[in-house]
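What follows is calculated from the coordinates using simple rules that are stated; it is not laboratory data. Bear in mind the structure is a predicted one, so any value in this text is a computation, not a measurement. With ideal geometry, Cβ positions are generated from the backbone for all residues, glycine too; neighbour counts draw on all protein chains shown.
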Amino acid sequence: MKIVRENDRGKALCDKCGLVTTTFKLRDVPFDDDSGIAKKILAGVCDKCHAVVSIPHQSTPQIKVEYDKAKRPIEARVPAHFIDTLNLARVKIDKDVSPEFYRSMILYYVHGMYSGHIKSSDLKKLLNSEFAQSISSKRLSIKVNRSKEREFISVVEKAKLENTSDLLKGIIIKIYNDILQKDNSKHLAALKRSAAIF
């Protein structure tokens, strides 16, 4: 594989100018889906109009890292007592941990279900439990990168749920069962270790 350096020259097709000579420079390049920007990557720049016209293969790993960092919201409407459940679980895990730790609790369960270490097959049953039956009057939102978003989608499919809202609700019920109803849960111990780092 040829590695290009800053200020190396090349040729490429420019949408505006046709076949042109290029100079490789550091540029901010927007993603094709307009969800963000890869900052200061080496790119082929048209010598006539100065537009980015090519990306060398060596820059694609950095673009992927930047693309995966872009945060996307996962949202749900949940009953008010679900938010209380997250707060009580957080305090039981570590009374001094930041209120934002609820995100880590949810991601812990999503990743555990994605990797097969936590059972996801009971989520549908949990969603039909008495604990789940209430008006969904509160909004819950967490921002995740693309790899975590893929985990959410995979677990939704694996558990045969309707959407990520159902997954969030099911996880909160699992947190209620595992953290608030048990004192020696392996999940409580793992989340206590995580809170110490958080």
*Can you list residues whose amide H is under 5 Å from Lys40's amide H, if they're 5+ apart or on another chain and H is modeled 1.01 Å from N?*
Arg27, Asp28, Val29
*How far, in degrees from 0 to 90, does helix 80-93 lean away from the longest principal axis of the Cα atoms of the chain, to the nearest 10?*
90
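Over 26 Å between C-alpha atoms is what I'm after, so list which of Lys71/Lys92; Lys39/Lys148; Lys92/Lys143; Lys71/Lys186 land there.
Values: Lys71/Lys92 28 Å; Lys39/Lys148 22 Å; Lys92/Lys143 24 Å; Lys71/Lys186 30 Å.
Long pairs (Cα-Cα over 26 Å): Lys71/Lys92; Lys71/Lys186.
Evaluated at 4 °C with a viscosity of 1.567 mPa s, what Stokes-Einstein diffusion coefficient in µm²/s does the chain have when Rh comes from the Kirkwood expression over alpha-carbon pairs?
On the way: Rh = 19.7 Å.
My calculation gives 66 µm²/s for D.
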_For Thr85, Thr60, order by how many other beta-carbon atoms lie within 10 Å, fewest first_ = Thr60, Thr85
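Per DSSP H run of at least 4 residues, take -39500 (n - 2.57); add these up for the chain, divide by its residues and hand me the 222 nm value, nearest 500 deg cm²/dmol. Provide the component values of the computation, followed by the final result.
Details: 7 runs with 81 residues, N = 198.
The helix-only estimate for the chain comes to -12500 deg cm²/dmol at 222 nm.
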_Karplus-derived 3J(HN,Hα), 6.51/-1.76/1.60, for each residue of region 161-170, Hz, glycine and proline x_ = 8, 6, 6, 5, 4, 4, 5, 4, 4, x
